[in-house]
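For reference, the structure is listed below as structure tokens.
The values are calculated or read from the model by the stated rules, or taken from the named source; none is laboratory data. Since the model is a prediction, treat every value here as computed from it, not as a measurement. Positions of Cβ are generated from backbone atoms using ideal geometry, with glycine treated the same way; all protein chains shown enter the neighbour counts.
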Amino acid sequence: MSAASVQTQPSGPDSIEQHNDRIDKLLDGVGFDGLDVEAILKWTADAFDPARVVLNTSFQMAGVAMIHMVASARLPIRIATIDTLRLPAETHTFIQQIQERYGIDIEIQRPETEKIERMVRRFGEYLFFDGKHLQEHCCKVRKVDPNNELMKSADCWISGVRRDQSALRQQTPKAMSATEYGSKRKILRLNPMADWSLDRLQAFVDENDVPQHPLYAQGYQSIGCVICSTPTLPGEDPRAGRWRWFNSPEDVDAQDAKECGLHIPMYNI
């Protein structure tokens with residue numbers, strides 16, 4: 001099924017049932033596994049109102065590579081990020097560099113100040129050290145909830161999740177449906193780089209002079225919030241530097257411990 005044969009427009013004038021039926025038809029009819037990343041990105045701008053397509057990135061390698069593709073093809077889709085209010089200074093500087101390099105405006109979604117203050121009053125600023133459930137709560141308030149708010153204005157969500165990032169992500173499909181939080185409205189969730197290896201991604205970055213987050217040069221392989229992201233040692237899992245204090249406890253699943261909740265469950269938000 002081509003993009004021209006199923007047109008998905010903003011969900012406002014449609015009933016939820018009509019909108020969801022369109023999303024289902026896209027999932028069933030478009031052979032995403034046979035499309036390369038650039039083809040998928042171009043397809044989104046044709047199949048949807050580009051104002052309702054969001055490439056959401058934390059400015060790690062895959063996300064910036066897709067920004068490069070979007071800018072090169074002059075696709076009018078939205079580029080967004082979640083500022084958890086605990087991002088490294090290097091990330092803020094890098095965001096500015098990306099905007100200047102590609103001549104784009106990046107949407108920045110932030111958590112609600114009241115929710116942050118309430119959480120800190122109740123659990124303390126460093127609650128993520130006090131158990132997996134509190135780390136998940138912190139991530140929910142700072143990252144997942146703002147993403148849910150962002151997705152209220154989206155019909156298609158593009159992310160840079162790849163299968164080789166962790167065992168938990170090995171089955172990540174290139175396309176799936178997510179359900180808007182608090183609603184039955186479906187969102188087409190695309191992971192165009194799901195089948196890319198790190199070597200392939202690095203080669204693309206090098207060949208196209210794609211900017212890289214400065215923390216990679218300091219030994220980071222996965223970059224999120226301050227404290228919750230640390231450099232990795234040679235031979236460690238790429239996500240070993242995330243919430244490092246959960247690497248060894250027997251009562252914490254090693255793979256689940258390495259997710260903020262944004263991509264779990266993989267089929268819902």
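Residue under question is Lys143, and the condition is that it be under 19 Å from Val226 (Cβ atoms), under 17 Å from the mean Cα position of the chain (by Cα), surrounded by 19 or more Cβ atoms within 10 Å (Cβ to Cβ) and not hydrophobic (A, V, I, L, M, F, W, C); does it hold? The answer is yes for Lys143.
Can you work out which of the residues in segment 63-85 that are among the polar types (S, T, N, Q) and under 16 Å from the mean Cα position of the chain (by Cα) is nearest to Ala39 (Cα to Cα)? Of everything passing the filter in segment 63-85, Thr81 is nearest to Ala39 (Cα to Cα).
Restricting Gln109, Gln96, Gln135 to residues that are polar (S, T, N, Q), crowded, with 21+ Cβ neighbours inside 10 Å and more than 21 Å from Phe204 (Cα to Cα) narrows the list to Gln135. Identify the residue in segment 218-245 that is touching a helix residue (DSSP H, G or I) at 6+ places or on another chain (Cβ under 7 Å) and assigned to a loop (DSSP other than H, G, I, E, B) and, among all such residues, is farthest from Glu125 (Cα to Cα). Ranking the candidates gives Pro238 first. From the list Glu107, Glu100, the one residue that fits, being more than 21 Å from Tyr216 (Cα to Cα) and of a type outside the set (Lys, Arg), is Glu107. Residues in segment 189-217 that are among the β-branched types (Val, Ile, Thr) and assigned to a loop (DSSP other than H, G, I, E, B): Val210 alone. As a summary of the residue check, Gln99 satisfies the conditions (1) over 17 Å from the mean Cα position of the chain (by Cα); (2) closer than 20 Å to Thr230 by Cα except for the one numbered (2).
Across segment 147-175, the number of residues qualifying as surrounded by fewer than 18 Cβ atoms within 10 Å (Cβ to Cβ), outside any helix (DSSP H, G or I) and not polar (S, T, N, Q) comes to 1.
Listed by first and then second residue, the pairs linking a residue in segment 120-136 that is under 12 Å from Cys228 (Cα atoms) to a residue that is among the aromatic types (Phe, Trp, Tyr) and assigned to a helix (DSSP H, G or I), with Cβ atoms under 6 Å apart and 6 or more places separating them unless they lie on different chains, are Gln135/Phe128. The set of residues in segment 106-125 that are touching a helix residue (DSSP H, G or I) at 6+ places or on another chain (Cβ under 9 Å) and not charged (D, E, K, R) comprises Ile106, Ile108, Gln109, Pro111, Ile116, Met119, Val120, Phe123, Gly124. When segment 210-251 is filtered for residues that are of a type in the set (Gly, Ala, Ser) and either within 27 Å of Gln99 (Cβ to Cβ) or modelled with pLDDT of 95 or more (or both), the ones remaining, listed by number, are Ala217, Gly219, Ser222, Gly224, Ser229, Gly241.
Yes/no per residue for (1) touching a helix residue (DSSP H, G or I) at 6+ places or on another chain (Cβ under 7 Å); (2) at positive phi; (3) buried (at least 22 other Cβ atoms within 10 Å of the Cβ):
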residue: Ala62; (1), (2), (3): yes, no, yes
residue: Ile67; (1), (2), (3): yes, no, yes
residue: Ala73; (1), (2), (3): yes, no, no
residue: Asp83; (1), (2), (3): no, no, no
residue: Ala89; (1), (2), (3): no, no, no
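In segment 112-132, of all residues being among the acidic types (Asp, Glu) and in a helix (DSSP H, G or I), the one that is surrounded by the most Cβ atoms within 10 Å (Cβ to Cβ) corresponds to Asp130. A search for C-beta distances below 7 Å between a residue of segment 191-205 that is without any contact (Cβ under 8 Å) to a residue 60 or more places away in the chain and of a type in the set (S, T, N, Q) and any residue that is assigned to a helix (DSSP H, G or I) and surrounded by fewer than 22 Cβ atoms within 10 Å (Cβ to Cβ), counting only pairs 6+ apart in sequence or on different chains, returns Ser197/Asp164. Considering (1) within 30 Å of Ser183 (Cα to Cα); (2) out of contact with any Pro (no Cβ under 7 Å at 6 or more places or on another chain); (3) in contact (Cβ under 8 Å) with a residue 24 or more places away in the chain, the lone condition that Met61 does not fulfil carries the number (1).
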